[in-house]
Amino acid sequence: MIEQLKFDFPGHPSPVQPARGNACIGVVNSGNLEVLIESAALGGRCEVDVKTSANGFKSTWAAVLEDFFARNRFADIKISINDYGATPAIVSLRLDQAAAEIMEKEMR
Amino acid sequence: MNVEQTLDKIFSREYKIERDGLVISGSGICKGRTVAIIGTVDHAAIGVDSAFRLASAVLKVIQEFPKRPILLMVDTQGQRLTLQDELLANNAYLAHLAKCFELARRMGHRIVSLVYGEAVSGGYFATGMMAERAYALPDAQIRVMALDAMARVTKIPLEKLVELCKTSAIFAPGIPSFVRLGILEDVWQGTLEDCLDRALRLPVVYDNRAQLGRERGGREWAANVAIRIRVSAGLA
Amino acid sequence: MMILGTSSGWSKLKENRHQRLQRAAQLAQGKVVPADNVVALLEAVIEPYDRVCIEGDNQKHADYLSRCLTQVAVERIHDLHIVQSNIALSNHLDIFEKGIARRLDFCYSGEQGARMARLVGEGKIDVGAIHTYLELYGRYFMDLTPRVCFVAADSADPDGNIYTGPNTEDTPPIVESTAFKNGIVIAQVNDIADRVPRVDVPAGWVDYVVKSPKPYYIEPIFTRDPAQISDIQVLMAMMVIKGIYAEYGVNRLNHGIGFDTAAIELLLPTYAADLGLKGKICQYMMVNPCPTLIPAIESGFIKSIHSAGSELGMEKYVAARPDVFFDGPDGSMRSNRTFCQLGGHYADLFIGSTLQIDVDGNTSTATLDRIAGFGGAPNFGSDSRGRRHSSHAWLKAGREASHGSTKMPRGRKLVVQMVETFREHMQPTFVDKLDAWQLKDDFKMELPPVMVYGEDLTHIVTEEGIANLLLCRNDLEREQAIRGVAGFTQVGLARSHRAVENLRHRGIIRRAEDLGIDKRKANRGMLAARSIKDLVLWSGGLYEPPKRFRNW
Amino acid sequence: MNLAEWRTRESFYEATARRRITGVLDQNSFQEILGPADRITSPHLEELGFPVSFDDGVVIGSGLLNGNNVMIAAQESGFMGGSVGEVHGAKMTGLLQSALATKTTAVLLLLDTGGVRLHEANAGLVAISEIQRAAFRLREAGIPILVLIGGNNGCYGGMGIFARCCDHVIMSEEGRLSLAGPEVIETAGGVEEFDSRDRALVWRTMGGKHRFLLGEADRLVIDDIRAFRAAAIELMQKPEPLTLESMLQEHRRLAERLEAYGDCKDALEIWKRMGIPGSDSIPIMDNEAFHAAIKPYVASKETQEKKCHER
């Protein structure tokens, strides 16, 4: 069954400005995930919605996401994830790719 | 009912068919209108040879009897599952058949299909589902895959599938599902002669299945998504 | 002459051997035994409580002979002591289930590990010890000398000269230990020919030759499809090349057989070449002819490879590259696990993957409910204390380990474990306690099955970076260095952030960015081959992959 | 092999649906329709407790191909085997309908699919039929549909039939185009009928080279996104007529195939019968060598049809 997790992070006080409205990275297949990153009016905060087929890893998700927001100066960003049992290494990689992608004007 | 018994009822015995392997072709008279008959028998597994024969029959009607309506009699267990069929590209033979039906439609032939035996997956897709309007007899069998096989492939427990089948037409085998999704226009009951006659009197449609599916509450997304796309593309 | 000794009869083994041969006299024509006579032959030449060695390698198996052994009458032949490096086939264990054999000394049991565990639990197998390859071969000549051995080979001539084919593997120590201690040597061959292409075992050492109904069982176990290498593995491989191979100038090494090291091999012609490392790293390798080595060989990276065994599909390629591989006068490869293990033990670096690493750096591939063993990895993956020759890499590692102490200069072997912090299904690689301890208790072993001991381990590479354990000054630092690359596992989360930052500052932990590696460039596009077909193209069509690896 | 040249290639087989699209189209020209942010996911997968994808495994939109307006769809290889469910299918049908309304130069379909998504069996089957119907309307209007096949799933089931209902098929050697998959045939007829683990057999039965040799693919290209793009540019303004004449031609071609190879049990026999010297080594030839080897013996689909026509 799919577990739904929601996380909320304070935005960065001097955030970077995304070049695009959204970007989507990754594929929902076994051991992988899809990350949709969007600009959203969230009063400066950041939100993450996770739907995952691997249940019981909330604290791991929290740690991975915390680390991600510590690396990136984001505010007013919404991230939505469809996960099919990816490891934290893959999750971090896809998050970084999504973050880089939304900062680029054109889609590669 | 076998094919002869069914045709007896539709055409009040005024028909003539030839059998070539698992393929039949011929014509009958329904309420004074001559209708071409093309179809398969004996739960045909459709391989390259049968697909080719069906296409020959369609092309013959197009060439010899312009605008004659076609009744497509369906009894198929699906495509034939052999290496040799795939080696010769069974998909190409079935595509060729589909294109022949499309050509017939363009050239003014009404096409009505009737599942009188069984209809399974790719075999139905390339035959009965090519018709302008598709019908079935009440005791016919239609499915994409049997539930136990589906459970095996999708790794969903069989009990769960059986339970979901009670409410969802999306994967439940059987005629009611295919009606609710708009794949079948209707089930023929009562006098079959009248049924065919009525079907041939309906206005020409191109593809009303998504709309029917939505009206009948079987599937909403097909119609809605197509509309949303047209909106997104700035067309509506 | 005065006789001081008390014993008489110094040739009992020889006399006993003669009796055995006599019993089997009717079953052979010369040395050739028809396949149908093999069960009777085994009943004639084997005696209860004998020590029997069955050739079970990584590649070739005396599978027909071992199957025949399951068919002997248990009232005639029982309580055998089997010595065998690799328990790979179900019939290897059937003989224990039936009571034909009882005691077992071995190295590796792989896929049979779970059944082995069950039989040990039921008291059907009495395990002497789980060895490394070199240990077991050594004991063939010490206290575990076989009375009878079964070997497998490609062909034999009617006199009994044997050609092993490219998979010589374990045959030499098995035959030599048996034949020179008056044992019985039985060879299963795929073919009996008038002349063999080359003589790998002289006829004089061989007693019986059997043409098996089917060729010996062989699996392409070292073939890694580049299509399955992930971006993360590419990233880790880039870190290894830049952060370890280039840093130490590693030229003589052994690679494990996983996808991680396959990624390194496939980055040599691209990433490593771009870094100008050709001719500076990876010139001499002790490794099976893994197909993923082809691009590096073809681009001139690798000068020489010695192999423990061959690999299915690589025969023509290996034969066409005699400057790189060890090929016989007949043109085909000659492998030898003993020498490959020996060379690898004295090389400058071992790198491979593992399933678990604890906070002391002990690693293990043992999993619960299985008794598997490690084969050759512990010999490759340990410091060679007897080494007396120097090299740049060895001395540099030694200097790092000595922390500037000037007393006695000495080198260190680089022993690297390359892992992702989580395996599939979110199994953490880093753990507080290895499953090996549980296994030790469950099966009442004397030692937990550890593959690489922490004291031998010098580097850990994960997607998070490289931990150089040589530079750690004490156990506390070492533990933090390990935690510092353990990612989001519990072990990793329990790190001291301050300590880890300090280690990073001192270059003990190095992240991709510290090494100047752009993570976004770490993708499969860097690989010199992305599919088996690419490998075939690199080989000019010489590599003939088994059918199951093809998509063309 | 020239490593420098090889390194400039970008594998179509390995690329995601989005990357295939942006690589095939003119740079920066792709405009996605109903993208991930619209979150049109499959309600049926969700109900069954399976992970969903924001685009339900198919990316659709418009863009430019060599400066011409085209519409394009690409199935995502990794999501549910590229299978067609209700939403997935409706997106493709809607795209084709929009292409008809906007009269684009061509439609490109990058298919990578096992066919019907069994989790949505009935809805998936009719979805493919609706895609097909919409495609026929487009062809009637003279707008060519190009099918590109070179992904991991090949193109099977109803979509395999559909692909050959379009104007042109462009394949790589890695691509497969067929109806029933190897595993399905093995399940039905046993391993003696079809050993699905024998991948060489799978590819010489269903793969790009054999399909090209039979005339089932118009172009056989190397596994490089740019090669697919070049072939698409070449064919995008060449609609295939669907007329009585063209159908009779195709009918004759298929009759000849049955006649010539109907008794063959392996592609190797067919290739031998085609008279290609060294046909046994066809699987191992690179694209260039393959085209050179077969040229004198196998007419392209176009010339085959021309020949039929002349008769």
Can you tell me which condition C:VAL485 does not meet? The list is (1) outside any loop (DSSP other than H, G, I, E, B); (2) more than 8 Å from every other protein chain (Cβ to nearest Cβ), and all the others hold. (1)
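Looking at the stretch D:32-42, is at least one residue outside any loop (DSSP other than H, G, I, E, B) and either of a type in the set (Lys, Arg) or farther than 19 Å from A:VAL35 by Cα (or both)?
We begin by selecting, within the stretch D:32-42, every residue outside any loop (DSSP other than H, G, I, E, B); these are D:32-33, D:36-38.
From the residues that got through so far, the ones that are either of a type in the set (Lys, Arg) or farther than 19 Å from A:VAL35 by Cα (or both) too are none.
Scanning the stretch D:32-42 turns up no residue that is outside any loop (DSSP other than H, G, I, E, B) and either of a type in the set (Lys, Arg) or farther than 19 Å from A:VAL35 by Cα (or both).
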Filter the stretch B:64-82 down to the residues that are within 7 Å of chain D (Cβ to nearest Cβ) and surrounded by fewer than 23 Cβ atoms within 10 Å (Cβ to Cβ) and list them by number. B:THR82
Which of the residues that make up the stretch C:422-445 are closer than 29 Å to C:ILE232 by Cβ, assigned to a loop (DSSP other than H, G, I, E, B) and not acidic (Asp, Glu)? C:THR429, C:VAL431, C:LYS433, C:LEU434
Residue among B:VAL115, B:VAL120, B:VAL48 that is within 23 Å of B:MET150 (Cα to Cα) and touching a helix residue (DSSP H, G or I) at 6+ places or on another chain (Cβ under 7 Å): B:VAL115
Is the stretch C:507-516 home to any residue that is surrounded by fewer than 22 Cβ atoms within 10 Å (Cβ to Cβ) and over 24 Å from C:LEU275 (Cα atoms)? no
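Return yes or no: is D:LEU64 free of Cβ contacts under 8 Å to residues at least 60 places away in the same chain and not β-branched (Val, Ile, Thr)? Even if it seems obvious, please write down each step before you answer.
Working: free of Cβ contacts under 8 Å to residues at least 60 places away in the same chain: yes; not β-branched (Val, Ile, Thr): yes.
Answer is yes for this residue.
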Can you find a residue in the stretch D:173-194 that is within 20 Å of D:GLN132 (Cα to Cα), out of contact with any strand residue (DSSP E or B) (no Cβ under 7 Å at 6 or more places or on another chain), facing another protein chain (nearest Cβ under 7 Å) and crowded, with 24+ Cβ neighbours inside 10 Å? yes
Could you pull out every one of the strands (runs of 3 or more DSSP E) wholly within the stretch B:1-120 that has 2 or more residues that are closer than 27 Å to B:ARG201 by Cα and among the aliphatic types (A, V, I, L, M)? B:23-30, B:33-40, B:70-79, B:111-120
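Looking at the stretch B:96-113 only, could you name the residues that are closer than 19 Å to D:ALA255 by Cα and either within 9 Å of chain D (Cβ to nearest Cβ) or not aromatic (Phe, Trp, Tyr) (or both)?
Within the stretch B:96-113, B:HIS96, B:LEU97, B:ALA98, B:LYS99, B:CYS100, B:LEU103 qualify.
Pick out, from the stretch B:165-236, the helices (runs of 4 or more DSSP H) lying fully within it that include 2 or more residues that are facing chain D (nearest Cβ under 10 Å).
Values: elements: B:175-180, B:192-201, B:209-215, B:221-232.
Hits in the stretch B:165-236: B:175-180, B:209-215, B:221-232.
Just a yes or no: is a residue in the stretch C:527-536 in a loop (DSSP other than H, G, I, E, B) and either within 14 Å of chain A (Cβ to nearest Cβ) or more than 30 Å from D:LYS209 (Cα to Cα) (or both)? Let's see the steps before the verdict.
Residues of the stretch C:527-536 that are in a loop (DSSP other than H, G, I, E, B), as a first pass: C:527-531.
Next cut, either within 14 Å of chain A (Cβ to nearest Cβ) or more than 30 Å from D:LYS209 (Cα to Cα) (or both) only: none.
Within the stretch C:527-536 (the criterion being in a loop (DSSP other than H, G, I, E, B) and either within 14 Å of chain A (Cβ to nearest Cβ) or more than 30 Å from D:LYS209 (Cα to Cα) (or both)), the answer is no, since none of the residues qualifies.
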Failed condition for C:THR168, given (1) surrounded by fewer than 22 Cβ atoms within 10 Å (Cβ to Cβ); (2) touching a residue at least 60 places away in the same chain (Cβ under 8 Å); (3) over 18 Å from C:VAL45 (Cβ atoms), with all others met? (1)
Do the conditions hold for D:GLY115, that is, is it buried (at least 24 other Cβ atoms within 10 Å of the Cβ) and more than 15 Å from B:ARG228 (Cβ to Cβ)? yes
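When you scan the stretch D:122-129, do you find a residue that is within 8 Å of chain B (Cβ to nearest Cβ) and surrounded by fewer than 24 Cβ atoms within 10 Å (Cβ to Cβ), even just one? Outline the logic, then answer.
Going residue by residue through the stretch D:122-129, those that are within 8 Å of chain B (Cβ to nearest Cβ) are D:122-129.
Applying the additional criterion that residues be surrounded by fewer than 24 Cβ atoms within 10 Å (Cβ to Cβ) yields none.
No, the stretch D:122-129 contains no residue that is within 8 Å of chain B (Cβ to nearest Cβ) and surrounded by fewer than 24 Cβ atoms within 10 Å (Cβ to Cβ).
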Yes or no: the stretch A:22-39 includes at least one residue that is under 12 Å from the mean Cα position of the chain (by Cα), under 22 Å from C:THR462 (Cα atoms) and within 13 Å of chain D (Cβ to nearest Cβ). yes
Those residues that are closer than 16 Å to B:LEU200 by Cα, touching a helix residue (DSSP H, G or I) at 6+ places or on another chain (Cβ under 7 Å) and either in a loop (DSSP other than H, G, I, E, B) or not small (Gly, Ala, Ser) (or both), I need them from the stretch B:123-161; list them, please. B:MET130, B:GLU132, B:ARG133, B:TYR135
So the check is Cβ under 6 Å with 6+ separation or different chains; which pairs have a first residue in the stretch D:39-54 that's more than 8 Å from chain A (Cβ to nearest Cβ) and of a type in the set (Ser, Thr, Tyr) and a second one that's assigned to a helix (DSSP H, G or I) and surrounded by 22 or more Cβ atoms within 10 Å (Cβ to Cβ)? D:SER42/D:VAL87
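Against the condition loosely packed, with under 15 Cβ neighbours inside 10 Å, of a type in the set (Ser, Thr, Tyr) and under 30 Å from C:ALA372 (Cα atoms), how does C:TYR49 come out, does it pass? Write out each step before concluding.
Details: loosely packed, with under 15 Cβ neighbours inside 10 Å: yes; of a type in the set (Ser, Thr, Tyr): yes; under 30 Å from C:ALA372 (Cα atoms): yes.
Yes: the conditions hold for C:TYR49.
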So A:GLY56 clears everything in (1) under 15 Å from A:TYR84 (Cβ atoms); (2) part of a loop (DSSP other than H, G, I, E, B) except one condition, right? Which one? (1)
How about the stretch C:446-476: which of its residues are touching a residue at least 12 places away in the same chain (Cβ under 8 Å), part of a loop (DSSP other than H, G, I, E, B), over 22 Å from the mean Cα position of the chain (by Cα) and surrounded by fewer than 20 Cβ atoms within 10 Å (Cβ to Cβ)? C:ARG473
For the stretch A:41-53, enumerate the residues that are within 14 Å of another protein chain (Cβ to nearest Cβ), in a loop (DSSP other than H, G, I, E, B) and loosely packed, with under 15 Cβ neighbours inside 10 Å. none
Residues that are under 12 Å from the mean Cα position of the chain (by Cα), of a type in the set (Gly, Ala, Ser), at pLDDT 95 or above and more than 30 Å from D:GLN27 (Cβ to Cβ): does the stretch A:56-66 have at least one? yes
Taking into account only those residues within the stretch C:511-526 that are within 30 Å of the chain's Cα centre (by Cα) and not in a helix (DSSP H, G or I), which is nearest to C:CYS472 (Cα to Cα)? C:ALA522
May I ask you to list pairs of residues, at least six apart or on different chains, whose Cβ atoms are under 8 Å apart, with the first in the stretch A:55-70 being more than 10 Å from chain C (Cβ to nearest Cβ) and the second being surrounded by fewer than 13 Cβ atoms within 10 Å (Cβ to Cβ) and assigned to a helix (DSSP H, G or I)? none
In the stretch C:40-53, is there at least one residue being of a type in the set (Lys, Arg) and within 29 Å of the chain's Cα centre (by Cα)? yes
If you scan the stretch D:17-26, which residues turn out to be under 16 Å from the mean Cα position of the chain (by Cα) and either within 15 Å of D:ALA231 (Cα to Cα) or assigned to a loop (DSSP other than H, G, I, E, B) (or both)? D:ARG20, D:ILE21, D:VAL24
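Could you list all residues from the stretch D:82-121 that are closer than 20 Å to B:LEU147 by Cα and within 11 Å of chain B (Cβ to nearest Cβ)? Working first, answer last.
To start, the set of residues in the stretch D:82-121 that are closer than 20 Å to B:LEU147 by Cα comprises D:83-86, D:114-121.
Result: D:SER83, D:GLY85, D:GLU86, D:GLY114, D:GLY115, D:VAL116, D:ARG117, D:LEU118, D:HIS119, D:GLU120, D:ALA121.
The values are calculated or read from the model by the stated rules, or taken from the named source; none is laboratory data. Please read all numbers here as calculations on a predicted model, not as lab measurements. For neighbour counting, all protein chains shown are included, and Cβ atoms are generated from backbone atoms with ideal geometry for every residue, glycine included.
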